[in-house]
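Written below as structure tokens is the structure these notes are about.
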Amino acid sequence: MPALNKWPQWPEFSLADVPVQSEERMKGYKKAIVAEHGEQSLRNAWIKTCERLEKITQQLITEGSSIIPVLEYENLENLDDEEKQRMKELGCFVIRGVIPQEEVSSQYKSLKGYIDSNKESISAWPEANPAVYRIFWTPTQQAIRGHMRHLRVQKFLNEFWHDSSQVTSSDPLTYADALRIRPPGKEFYGLGPHIDAGSLCRWTDPFYRKVYENIFSGSPEDHDSYDLNLRKDANQAAFEGSAHSTVFRAFQGWTAMTAAKPREGSLLLYPYVSVAMAYLLLRPFFTPPAQGDIMDASRWVFSADDGWFPGTHEEDSQYVSRESHPHLRLEQCLVYIPDMRPGDTIWWHCDMIHAVETEHSGKDDASVVYIAATPTTPTNVHYIKSQLQNFLAGKPPGDFSGGTDESKLTGYLGEKGIPSADARQAMGYGLS
Ligand SMILES: [Fe+2]
């Protein structure tokens, strides 16, 4: 059964999307990869990936949301290697009860009060039906991000990654992001199926491309989605665009401030992170057969002569669509996250396709605070140090420029809102 009642009017991508002024440059990016790895390697990878996708899509259609592991905060220490391996392979999971419910409910009340008191000064997106609030330093965000239990989860998730260079650590850094309060009954189309952490740079930045070398060289089965030694140097912000985060997030996450079920402004995910990523990366090198079964990958023609990277726009996140990425069978394979309760968290790998559902047919606001697991890497340290300076000045973080001077808001706590010494450390105090 498809996850969504009706496929929303999310954009479809076509060859016509390539801007004339950048066509030659885009062709050059493709040619460079073909020159490095060769047609045969790309073809081998394409066939293997589509075969693997066939199995995965069957599984996603059969299992739906129940495929997403659901864990309790209190049990994190007791997970065995097999369970962790499964979490890594899927790349997404719920961790329940990270913040105790009463605490979240009282924090949510305080957040609503804070927003009410400062209505005139706070901007939210989209303008017509505000849902995403561009504020970063509310007392509530500070308390939740820096909560002892939340920091513990962040560290636990950073440890899913490994780094043979030893220049990184799993100590969590606080990447300040916005928050969402989505009213019921309003549709929201802004976030169709996409992947964050840059878009075109996955093919063009030499360090980012290295992360995916096994895929391009014909062995997608050897791709390791958790190699921080490679990933730490990838430049996610190689192209300008407000959609790109500068920092590397081991996992993106939502912390639920209210309860929310599927069809209530919830999130959809595409599990099995490495396979979907391999497909996305290889897709620009092949064109569908003019006749016959489009799902037969062996009939697709190798072609690196155009400048089309489907769903890829320099300034935006990486998007996918039903027509441009047919083997993903998005309509059937995007799965809802399970019901969320206040204080629960959902986590997804930084390479994972995700979408925010357009519908919210619940009765109450659906609210989440965006909090990621962000390890200590040289790039992240650099950003967090500048973020700290912005925080001290009440300004928005560097990735979210152009917002409010929050230090002027009623109820603003600034440094007094940092809940503990560990939270201070994560905010970047003491970084050299
Ligand atoms: Fe996203």
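What follows draws every value from the coordinates through simple rules; no lab data is involved. Owing to the predicted nature of the structure, the values given are computational and were not obtained by experimental measurement. For neighbour counting, all protein chains shown are included, and Cβ atoms are generated from backbone atoms with ideal geometry for every residue, glycine included.
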With 0.36 nm assigned to each residue of separation and the Cα-Cα distance removed, residue 14 to residue 291 gains 97.9 nm
The range 289-327 scanned against label point 7 Å out from residue 47 along Cα→C-beta; backbone N under 19 Å for 289-290, 293-304, 327
Taking r as the C-beta separation of residue 32 and residue 120 and R0 as 51 Å, the FRET efficiency to the nearest 0.05 is 0.50
The FRET efficiency for residue 210 and residue 189, from their Cβ-Cβ distance with R0 = 51 Å and rounded to 0.05, is 0.90
Once the in-chain neighbours fewer than 8 apart are removed, the lysines whose Cα is under 23 Å from residue 408 read 109, 112, 119, 385, 395, 416
The range 148-168 scanned against label point 7 Å out from residue 421 along Cα→C-beta; backbone N under 16 Å for 148
Residue 85 and residue 112 label points (each 7 Å along its Cα→Cβ direction) are spaced in nm at 4.7 nm
Taking 192-198, 50-56, 330-336 and ranking on average Cβ neighbours within 10 Å, highest first, one gets 192-198, 330-336, 50-56
Which of 6/261; 6/88; 6/186; 31/210 exceed 19 Å between C-alpha atoms? The answer is 6/88
